[in-house]
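Chemist: Got a structure here, written out as structure tokens. Questions coming.
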Amino acid sequence: APSSSGGGAAVPKLAGYALTLVGQSCCALGQPHLVNTPASLAAAWFPVSERDLAATIAFLGTILGDALGEALSPVVFDLAHGSIGLSTTAAIAALCAVDLVPAVACGAWARARFLPDDSFAVDKQQQPPRDVVVVARRGDDDQEEEETTGGGGGSSGDSPGDRVNDDADADDWGCGLGGLVVSWRDAIRAEPRHVTQLAVVFGVGLGVFNALLSLAAQWLRPCGYDDDAVGFMTATFVVVGIPAAALVGASLDASRAYRPAIKALLTLDLVAVIGLLCAARRGAEGALYATFAALGAGIVATSAALMEAAVEVTHPAPPDVSTGLLFSAGNVLSIPVTFAFQGLLGAQHGRCRPLTAIFSRGDPFAAPVALFTLSTVVVCFAITLTYRGPYRRLEAERRAAASASATEDDDDDPRRGS
């Protein structure tokens, strides 16, 4: 064991901790390629009537995977370390190997299903199986040129497979880090106020979500709930949130009412947060389960709706640009929110402090964690009430569809041949 003075024996531990941070950073570098994909995948491979639901389900896969990882990782580690008798290092390696199997299998399936055999050649048989509307940005004046592929509406003789991959994505939005910066700049410049509103709400909401799930055990332990009980409560958050978000995605496919949906969901979030903060007391296990479930239904569904609203307001930017912008804001804002949550937990000195303690004790700072959490959600709710973002993608698709219909009518007009 290392000495209390921090001798040389502590160096291997410090190196192991640094190696752990490096490994987590490498995982984090690959994560954006996955979390930014759902909106683009849904836009390319699903018809408009199924697009929102498809994007929501793909987004929910990330949340479900996180939940399964949180639940199964301790089980696998305990099995390898306790039952089999592996060392701590070997048990962690075994856990990584177990995680690697589904990752490689799913990656290979996605590669075979959605990408052509030759990544540098267009395979017409593996193009998105629907008509695609491409709106390309031309010039600095943001003039839009609309092209409709499929259905006989195009003006050229190219097949849908030839025209589906318009060069706008490469030429207008760029590649690499420089292209990403330009893409974000153009996406924000289109609707700066509305994009900022969505990024702040999504970012702060993701920060509260991460802080609650990461520090729930520390927050509720002084109230008499052990780690297992808190684990089941947070699992309820995910189990209820996934089907609720799927229902919201299906309703958005039918209504396209992104603005009202976001406001209604933020209202649910606010009510659920107030209920959860009041239920964080001794002997209220049933209320905690109910409020965790309600908050899961609200926050997960809200995240999916915000991503679709961001795609609308930043069009004609590719969907992965707007999604990446939201998640970047979320990851950046999650850091101060989580540290603030952790610091305020320390300020409570291990005492159970529900929101009601503010009124029972007559001290507005009697429950700093509850007060901070409520304040952040109230700010998000207030921002949402002023959101008036346009539906740029829907309008572009309607205009393109009307143009295609007019072209078909002209082609069918017998007077054109006389």
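Chemist: Can you tell me which of 196-205, 57-66, 224-233 comes out highest on packing, and rank the rest after it, using the mean Cβ neighbours within 10 Å?
Modeler: Going by the mean number of other Cβ atoms within 10 Å, highest first, we get 196-205, 57-66, 224-233.
Chemist: Which ³J(HN,Hα) values, rounded to whole Hz and listed in residue order, are derived for region 351-364 from phi using the Karplus coefficients 6.51, -1.76 and 1.60 in 6.51 cos²θ - 1.76 cosθ + 1.60 with θ = phi - 60°, glycine and proline given as x?
Modeler: 9, 7, 9, x, 4, 5, 5, 4, 8, 5, 9, x, 10, x
Chemist: Let me ask you something else. In cubic angstrom, how much convex hull volume per residue do the alpha carbon atoms of region 224-336 span?
Modeler: On the way: hull volume 13.0 nm³, N = 113.
Once divided by residue count, the hull of region 224-336 is 115 Å³.
Chemist: Between PHE359 and GLU285, what is 0.36 nm times their sequence separation minus the Cα-Cα distance? Round to one decimal in nm.
Modeler: Stretched out fully, the PHE359 to GLU285 stretch lengthens by 24.5 nm.
Chemist: Across region 307-418, what fraction of all alpha-carbon pairs, as a whole percent, falls in each successive 10 Å bin from zero upward?
Modeler: Taking all Cα pairs of region 307-418, the binned fractions are 11, 23, 20, 16, 12, 7, 5, 3, 1 percent.
Chemist: So, one more: Chymotrypsin sites (Phe, Trp or Tyr not before Pro) within region 323-380: which are DSSP loop residues with at most 16 other Cβ atoms inside 10 Å?
Modeler: PHE365
Chemist: Which one, PRO354, SER322, ILE299, is farthest towards the positive end of the dipole of region 263-417 when Lys and Arg carry +1 and Asp and Glu -1 on their Cβ?
Modeler: Towards the positive end, the residue furthest out is PRO354.
Chemist: Can you give me the C-alpha center-to-center distance between region 190-254 and region 294-323, rounded to a whole angstrom?
Modeler: Rounded to whole Å, the Cα centres lie 14 Å apart.
Chemist: Which order do LEU326, LEU268 take by accessible area at a 1.4 Å probe, largest first?
Modeler: Listed by decreasing accessible area, they come as LEU268, LEU326.
The values are calculated or read from the model by the stated rules, or taken from the named source; none is laboratory data. Here the structure is a predicted model, which means the values were calculated and not measured. Positions of Cβ are backbone-derived with ideal geometry, glycine not excepted, and every protein chain shown enters the neighbour counts. Each accessible area value is taken on the protein alone, full model and side chains, heavy atoms only, with ligands, DNA and RNA left out. Shrake-Rupley method; radii C 1.70, N 1.55, O 1.52, S 1.80 Å.
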